[in-house]
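Below you will find the structure I want to go over with you.
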Amino acid sequence: AQSVSQHNHHVILSEAASLELGCNYSYGGTVNLFWYVQYPGQHLQLLLKYFSGDPLVKGIKGFEAEFIKSKFSFNLRKPSVQWSDTAEYFCAVNAETTDSWGKFQFGAGTQVVVTP
Amino acid sequence: DVKVTQSSRYLVKRTGEKVFLECVQDMDHENMFWYRQDPGLGLRLIYFSYDVKMKEKGDIPEGYSVSREKKERFSLILESASTNQTSMYLCASSSWGLAGDQETQYFGPGTRLLVL
């Protein structure tokens, strides 16, 4: 069964620092990759997604992610965080197989706290 | 804008009660999902449906059932609630993309269920 691993459960950093959140998945075939964010008290919303093409994808609010197929990774980055980036971040994978058809696998989430 | 609504934000039930969680989406999406979100475990798929009256088990279906009588509505049923079903329940919907891939999932605000 496919799995998704997020390396850090909690990250604390100061405003203007750079952020990188790791995400690795276990499936070797074709995958669709997503990063979702959940701000305090709000519902999950899409930050960015990768289906095919350029492995460097840009999302909303200055976030980007790079798909490295050889490393089974889809790491999320932001060069300079703001206090408003405090949130929980989830990586999700949808593998294009009959077993996984229609299903997303989510990572455990990374809680990011940005201090002023 | 896609809108996914859930019938309750907070719910308190007693052990053994039958619990209904309702989800409605207004974008004519084919696919609908129920997840539970627990700290440190991320989102885990309970059931999903890719068409009216169709349902597929997710990763943790035990103790739950679902109903999809209309395209826009997907209900999660706890036949006999237990304390270990205390959790945040999230509904999501998505459509099929032009390439046949599943598109982005859109989430509702969640229902926080407490079973006493």
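The values are calculated or read from the model by the stated rules, or taken from the named source; none is laboratory data. All values derive from a computational prediction rather than experimental measurement. With ideal geometry, Cβ positions are generated from the backbone for all residues, glycine too; neighbour counts draw on all protein chains shown. Each accessible area value is taken on the protein alone, full model and side chains, heavy atoms only, with ligands, DNA and RNA left out. Shrake-Rupley method; radii C 1.70, N 1.55, O 1.52, S 1.80 Å.
Can you tell me which residue is most open to solvent (accessible area, probe 1.4 Å) among those in the stretch A:12-35 that are farther than 25 Å from A:Pro116 by Cβ and either of a type in the set (Val, Ile, Thr) or in a strand (DSSP E or B) (or both)?
First pass over the stretch A:12-35, keeping only residues farther than 25 Å from A:Pro116 by Cβ: A:22-34.
Adding the requirement that they be either of a type in the set (Val, Ile, Thr) or in a strand (DSSP E or B) (or both) leaves A:23-25, A:30-34.
Working: A:Cys23: 0, A:Asn24: 46, A:Tyr25: 17, A:Thr30: 81, A:Val31: 7, A:Asn32: 1, A:Leu33: 0, A:Phe34: 0 Å².
Per the stated criteria, the residue is A:Thr30.
Another question about this same structure. Give me the residue from the stretch B:38-58 that is more than 8 Å from chain A (Cβ to nearest Cβ) and touching a Gly at 6+ places or on another chain (Cβ under 8 Å) and, out of that set, least open to solvent (accessible area, probe 1.4 Å).
If we filter the stretch B:38-58 for residues that are more than 8 Å from chain A (Cβ to nearest Cβ), which is where we start, we get B:38-39, B:46-47, B:49, B:51-55, B:57.
Retained after the next criterion (residues that are touching a Gly at 6+ places or on another chain (Cβ under 8 Å)): B:46-47.
Values: B:Ile46: 0, B:Tyr47: 22 Å².
Checked the stretch B:38-58; the qualifying residue least open to solvent (accessible area, probe 1.4 Å) is B:Ile46.
In addition: When you scan the stretch A:46-116 for strands (runs of 3 or more DSSP E) that lie fully inside it, which ones turn up with 3 or more residues that are in contact with a strand residue (DSSP E or B) (Cβ under 8 Å, 6 or more places away or on another chain) and facing another protein chain (nearest Cβ under 10 Å)?
Details: elements: A:56-58, A:64-68, A:73-78, A:87-95, A:110-115.
By residue number, A:87-95.
Let me ask another. Could you look through the stretch B:12-37, keep only residues that are at negative phi and charged (D, E, K, R), and pick out the one that is most open to solvent (accessible area, probe 1.4 Å)? Give the derivation first.
Our first condition is that a residue be at negative phi; within the stretch B:12-37, this holds for B:12-15, B:17-27, B:29-37.
Restricting the remaining residues to those that are charged (D, E, K, R) gives B:13-14, B:17-18, B:22, B:26, B:30, B:36.
Details: B:Lys13: 53, B:Arg14: 149, B:Glu17: 69, B:Lys18: 105, B:Glu22: 50, B:Asp26: 92, B:Glu30: 59, B:Arg36: 22 Å².
The qualifying residue most open to solvent (accessible area, probe 1.4 Å) is B:Arg14.
Condition (residue is within 19 Å of A:Gln45 (Cβ to Cβ) and of a type in the set (A, V, I, L, M, F, W, C)) applied to the stretch B:13-20: is it met by at least one residue?
Keep residues of the stretch B:13-20 that are within 19 Å of A:Gln45 (Cβ to Cβ), which gives none.
The answer is no, given that none of the residues of the stretch B:13-20 is within 19 Å of A:Gln45 (Cβ to Cβ) and of a type in the set (A, V, I, L, M, F, W, C).
Moving to a separate point now. From the list B:Arg112, B:Arg73, which residue is open to solvent by 70 Å² or more (accessible area, probe 1.4 Å), at pLDDT 95 or above, within 24 Å of A:Gly41 (Cβ to Cβ) and of a type outside the set (Phe, Trp, Tyr)? Full working, then the answer.
Numbers: B:Arg73 fails: within 24 Å of A:Gly41 (Cβ to Cβ).
Matching residue, one of B:Arg112, B:Arg73: B:Arg112.
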